[in-house]
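The values are calculated or read from the model by the stated rules, or taken from the named source; none is laboratory data. Keep in mind the model is a prediction, meaning the values are calculated, not measured. Cβ sites come from the backbone with ideal geometry, for glycine too, and all protein chains shown count toward neighbours. Just the protein is used for accessible areas: all its heavy atoms, side chains included, with ligands, DNA and RNA removed. Shrake-Rupley method; radii C 1.70, N 1.55, O 1.52, S 1.80 Å.
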Amino acid sequence: MPEVKEIQAQDSAPKYGPKATLAQCLATTAQSFLFIGLGMNISIPVIVIRDLYRNPNSEFSITTAEASWYGSLLFIVHPVGCLLSGILQDKFGKKRCMILANVPSIFGYVLLYLAHSSVLLCASTLLMGFSTGFGAGSTSSYVGEISEPRLRGSLGSLGSTAMRLGTLLMYILGLFFDWRTMALLSMFCPIICICFIIFIPESPVWLIAKGRNDKAEKAMCWLRGWVEPEKINPEFLELVHYNQVSGTQGGKIETDDNNKRFLSNLAQFKNPAVYRPLRLMLIIFFVSFVVSLFPTRPFITKIMKEVGLFDNQNESLVLLSGLTSIGCIIATAIVHRTGKRLLTLFTLSINTALLLSFGAYIISVKAEYFSSSPMIFLIFLCSIYFIGSCGISCIPWMILIEVFPNKSRGVATSASSGLAYIMLFTLTKSYLIIEMYLSLEYTMILFGCVGVFGLIYFYFYFPETENKTLLEIEEFFVSTKNG
């Protein structure tokens, strides 16, 4: 295909220096505060449940059912924010959507600070979930559109790293403050995020799609190290051509009928370039959530008590969160060398073995083949959290920014993120029920079996996307051999 060859030839032409790397890192870091906020939003229920769950000494207490709803509601409203973001970012752009995404989170923390009942607790987490969902679609597609192929994998993983840092920050604050004070302090994160995003450029791909080529050129100059237009001209022409190939130019989609835009968005999911990566994304999100123990995290202090970790629970939370942060940093540093496929298969293999071993160890302890050792349980948990964050739990967010075609990227990334969080809500809400029927040990073995399924599926259907252009990735999914 001559168009592909032309673009691939142009792709190797631009050579940028350290300033380009710095500029793209600054832009990605600014929007990563949304992911820091996501980590804080996800982890604060752990602190609230720890302080209020069946606690007669607190201002008010919550029951098992209330804790289950409060710990999972954030994930069910997240897709609503994703869907709205996918619709609005095509009209208003990624930058404005990222700014707007912070507003509900601020009100959510105000409600949490003022809460004196489980109803207000749930209302606060609904606002936080909507906020993180609204920001997820725009942030994911933004990083994919501003970064060079050589940096896309590493920059894409910064979101996962930032989320873990937000979780770590929340658990550290939990060592010193009660949940109300933490809610008050947490309001500063979305405010800082708004201040930073104001200063970064809009996505050049979106600007070109809207026919604002002059602003797109200025944005490209900023993102490639504040260079002159002549320096970015080859890449800029490539982006213009990419919009033409993808069916977006001059602010119109090929239907050219605003009244049919919603139906046009739905019709895009019939395209193999959209539904095939969507299928892959949903499977990898499901496997990633399960083998990284995401559904258990709001109830991790309960699990600690079950395995005999009664002492130093706050310190253990900080340790687990710190290990996941370090793991994400390692994934960011090595993904360019290992590639996403190898890193996924390697870390998934280890976590699958750990989950199966964890379940077998609990069975052995209950059968009195071994004496119970809280330290061994903690080592299992630390290993699962750490290895997962080194690859399998970060990979979905890395490839989400690059597997969808330009024409459908906003809607498709939002749909993927939204469906992923519906999945996470279902897993989190049902976890206590599953554990009640299967017991902790057989739940871990079930999670290990999911890992085995993931290994088989990814071995055959997970492509390598590292160091590939967006058009090369799109061509892979369009090809008939991928079914």
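Are there any pairs, at least 6 apart or on different chains, whose C-beta atoms fall under 9 Å, with the first in region 20-39 and over 21 Å from residue 169 (Cβ atoms) and in contact (Cβ under 8 Å) with a residue 24 or more places away in the chain and the second in a helix (DSSP H, G or I) and of a type in the set (Ser, Thr, Tyr), and if so, which?
27/142
Of all the residues that make up region 217-230, how many are within 17 Å of residue 244 (Cβ to Cβ) and either loosely packed, with under 15 Cβ neighbours inside 10 Å or modelled with pLDDT of 90 or more (or both)?
Qualifying residue count for the region: 0.
How about region 4-28: which of its residues are over 21 Å from residue 160 (Cβ atoms), open to solvent by less than 60 Å² (accessible area, probe 1.4 Å) and at pLDDT 85 or above?
20, 23
Looking at residue 61 and the list (1) in contact with a strand residue (DSSP E or B) (Cβ under 8 Å, 6 or more places away or on another chain); (2) in contact (Cβ under 8 Å) with a residue 12 or more places away in the chain, which single condition is not satisfied?
(2)
Find the residue count for region 375-390, including only residues that are open to solvent by 30 Å² or more (accessible area, probe 1.4 Å) and either touching a residue at least 24 places away in the same chain (Cβ under 8 Å) or farther than 17 Å from residue 308 by Cβ (or both).
Initially, region 375-390 is screened for residues open to solvent by 30 Å² or more (accessible area, probe 1.4 Å), giving 375-376, 379-380, 383, 386-387.
When the remaining residues are screened for being either touching a residue at least 24 places away in the same chain (Cβ under 8 Å) or farther than 17 Å from residue 308 by Cβ (or both), the result is 380, 383, 386-387.
Residues flagged as open to solvent by 30 Å² or more (accessible area, probe 1.4 Å) and either touching a residue at least 24 places away in the same chain (Cβ under 8 Å) or farther than 17 Å from residue 308 by Cβ (or both) within region 375-390 amount to 4.
Which condition number in (1) in contact with a helix residue (DSSP H, G or I) (Cβ under 9 Å, 6 or more places away or on another chain); (2) open to solvent by 10 Å² or more (accessible area, probe 1.4 Å); (3) in a helix (DSSP H, G or I) is the one that residue 451 fails?
Of the numbered conditions (1) in contact with a helix residue (DSSP H, G or I) (Cβ under 9 Å, 6 or more places away or on another chain); (2) open to solvent by 10 Å² or more (accessible area, probe 1.4 Å); (3) in a helix (DSSP H, G or I), the odd one out for residue 451 is (2).
Can you name the residue in region 168-216 that is open to solvent by 50 Å² or more (accessible area, probe 1.4 Å) and of a type in the set (Asp, Glu) and, of all such residues, is nearest to residue 144 (Cα to Cα)?
214
Scan 107, 130 and give me the residue that is under 17 Å from the mean Cα position of the chain (by Cα), among the aromatic types (Phe, Trp, Tyr) and assigned to a helix (DSSP H, G or I).
Working: 107 fails: under 17 Å from the mean Cα position of the chain (by Cα).
None of the others qualify; the one that does is 130.
Can you tell me which residue in region 231-242 is farthest from residue 143 (Cα to Cα), limited to those that are surrounded by fewer than 21 Cβ atoms within 10 Å (Cβ to Cβ) and among the aliphatic types (A, V, I, L, M)?
Taking the candidates together, the pick is 237.
Quick one: count up the residues across region 148-163 that are at pLDDT 80 or above and open to solvent by 10 Å² or more (accessible area, probe 1.4 Å). Walk me through how you get there before you give the answer.
Going through region 148-163, the residues at pLDDT 80 or above turn out to be 148, 162-163.
Then keep just the ones that are open to solvent by 10 Å² or more (accessible area, probe 1.4 Å); that gives 148, 163.
Qualifying residue count, region 148-163: 2.
Test residue 443 against the criterion of being farther than 30 Å from residue 155 by Cβ, surrounded by 15 or more Cβ atoms within 10 Å (Cβ to Cβ) and touching an Asp or Glu at 6+ places or on another chain (Cβ under 9 Å), and give yes or no. Break it down stepwise before answering.
Numbers: farther than 30 Å from residue 155 by Cβ: yes; surrounded by 15 or more Cβ atoms within 10 Å (Cβ to Cβ): yes; touching an Asp or Glu at 6+ places or on another chain (Cβ under 9 Å): yes.
Taking the combined requirement at face value, the residue satisfies it.
Just to check your reading of the model, which residue among 72, 61, 85, 105 is crowded, with 19+ Cβ neighbours inside 10 Å and more than 30 Å from residue 201 (Cα to Cα)?
On the way: 61 fails: crowded, with 19+ Cβ neighbours inside 10 Å; 85 fails: more than 30 Å from residue 201 (Cα to Cα); 105 fails: more than 30 Å from residue 201 (Cα to Cα).
Answer to the selection: 72.
Please tell me if residue 377 is under 27 Å from residue 154 (Cα atoms) and modelled with pLDDT of 80 or more.
On the way: under 27 Å from residue 154 (Cα atoms): no; modelled with pLDDT of 80 or more: yes.
Judged against the criteria, residue 377 is not a match.
Residue by residue through region 428-438, note down the ones that are open to solvent by 30 Å² or more (accessible area, probe 1.4 Å) and under 17 Å from residue 305 (Cα atoms).
Answer for region 428-438, where residues must be open to solvent by 30 Å² or more (accessible area, probe 1.4 Å) and under 17 Å from residue 305 (Cα atoms): 432, 436.
In region 85-95, what count of residues is obtained for those that are in contact (Cβ under 8 Å) with a residue 60 or more places away in the chain and in a helix (DSSP H, G or I)? Full working, then the answer.
Quick first cut of region 85-95, residues in contact (Cβ under 8 Å) with a residue 60 or more places away in the chain only: 85-87, 89-90, 93-95.
Add one more test, that the residue is in a helix (DSSP H, G or I), and what stays is 85-87, 89-90, 94-95.
Final tally of qualifying residues: 7.
State which residue pairs qualify: first residue within 14 Å of residue 108 (Cα to Cα) and inside region 170-196, second residue open to solvent by 40 Å² or more (accessible area, probe 1.4 Å) and part of a loop (DSSP other than H, G, I, E, B) in any location, beta carbons under 8 Å apart, and separation of 6 or more residues or different chains.
185/177
For region 309-354, enumerate the residues that are open to solvent by less than 20 Å² (accessible area, probe 1.4 Å), free of Cβ contacts under 8 Å to residues at least 60 places away in the same chain and within 13 Å of residue 385 (Cα to Cα). Full working, then the answer.
Filtering region 309-354 for residues open to solvent by less than 20 Å² (accessible area, probe 1.4 Å) gives 309, 316-317, 320-322, 324-325, 327-328, 331, 335, 339-340, 343-344, 347-348, 351-352.
Imposing the further condition that a residue be free of Cβ contacts under 8 Å to residues at least 60 places away in the same chain reduces the set to 343, 347.
Answer for region 309-354, where residues must be open to solvent by less than 20 Å² (accessible area, probe 1.4 Å), free of Cβ contacts under 8 Å to residues at least 60 places away in the same chain and within 13 Å of residue 385 (Cα to Cα): just 347.
Test residue 48 against the stated conditions and say whether it is more than 18 Å from the chain's Cα centre (by Cα) and of a type outside the set (Phe, Trp, Tyr). Working first, answer last.
Working: more than 18 Å from the chain's Cα centre (by Cα): yes; of a type outside the set (Phe, Trp, Tyr): yes.
Criteria met by residue 48.
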